[in-house]
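**Q** Encoded as structure tokens, here's the structure I'll be asking about.
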Amino acid sequence: MVSEQEILGECARFMDSGPARALDPKGKEAARKLVQAWLSAAYDGLGKAPSLLDGHDVQTVLTEVLPAHLGVGDPLARDAEAVLGAFLAYQEESHFTPHAFEQRQALETHLPEFRSLVRSGTLAGRARALPARPLVHRADKVGRNDPCPCGSGKKFKACCARLGG
């Protein structure tokens, strides 16, 4: 899972890129919001970096994840073709993108369905809560024959392991 700061940083790098500068200056804020939603959908919804999405992943983002995060008739959907096309161009310039052709094809193929879903509000408000991050215990594991971490000088199995600690 990627932090919100990393998503904002990636979005800022896109907004400073040539493909983003070619977008309509009046729609810069909408473009930023749409790209942030795209990045969140990829990282949090699918667990993948956007540059590693394949055609099926792009279809999933466009027809399931992204519409659920947008409101009924959200105007962001209107500019999706230009903004997401510019983002894919930026991504190809700045990242290794093994499925770039598939991504572009899926974007072109599934944009009408995306717009229809946003317009109708079929999935609006159905965004799944993000899964909780798994707890990762980073302390070194104490083996049963290792010295006890309490400092008694005894082996762990003969000291704190017996006490359950």
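The values are calculated or read from the model by the stated rules, or taken from the named source; none is laboratory data. As the structure is a prediction and not an experimental result, all values here were calculated from the model. Using ideal geometry, Cβ is built from the backbone for each residue, glycine included, and neighbour counts are taken over all protein chains shown. To get the accessible areas, we keep the full protein, side chains included, count just its heavy atoms, and leave off ligands, DNA and RNA. Shrake-Rupley method; radii C 1.70, N 1.55, O 1.52, S 1.80 Å.
**Q** Taking the stretch 1-37 as the region of interest, how many residues are in a loop (DSSP other than H, G, I, E, B) and of a type outside the set (Asp, Glu)?
**A** Looking only at that region, the number is 6.
**Q** Would you point out the residue of the stretch 46-63, among those that are closer than 20 Å to residue 14 by Cα and without any contact (Cβ under 8 Å) to a residue 40 or more places away in the chain, that is surrounded by the fewest Cβ atoms within 10 Å (Cβ to Cβ)?
**A** Among those residues, the one meeting the criterion is 48.
**Q** Now a separate question. Being of a type outside the set (A, V, I, L, M) and loosely packed, with under 14 Cβ neighbours inside 10 Å is the filter here, so list the residues in the stretch 5-27 that pass it.
**A** Quick first cut of the stretch 5-27, residues of a type outside the set (A, V, I, L, M) only: 5-6, 9-11, 13-14, 16-19, 21, 24-27.
The answer is 5, 6, 9, 13, 16, 18, 21, 24, 25, 26.
**Q** Being open to solvent by less than 60 Å² (accessible area, probe 1.4 Å), at pLDDT 90 or above and closer than 22 Å to residue 27 by Cβ narrows it down to one of 70, 66, 76, 88, so name that one. Before the answer, list the steps.
**A** Values: 70 fails: at pLDDT 90 or above; 66 fails: at pLDDT 90 or above; 76 fails: at pLDDT 90 or above.
Step by step, each of 70, 66, 76, 88 is checked, and only 88 is open to solvent by less than 60 Å² (accessible area, probe 1.4 Å), at pLDDT 90 or above and closer than 22 Å to residue 27 by Cβ.
**Q** In this structure, is residue 105 open to solvent by 20 Å² or more (accessible area, probe 1.4 Å), modelled with pLDDT of 95 or more and over 23 Å from residue 121 (Cβ atoms)?
**A** When the stated conditions are applied, residue 105 passes them.
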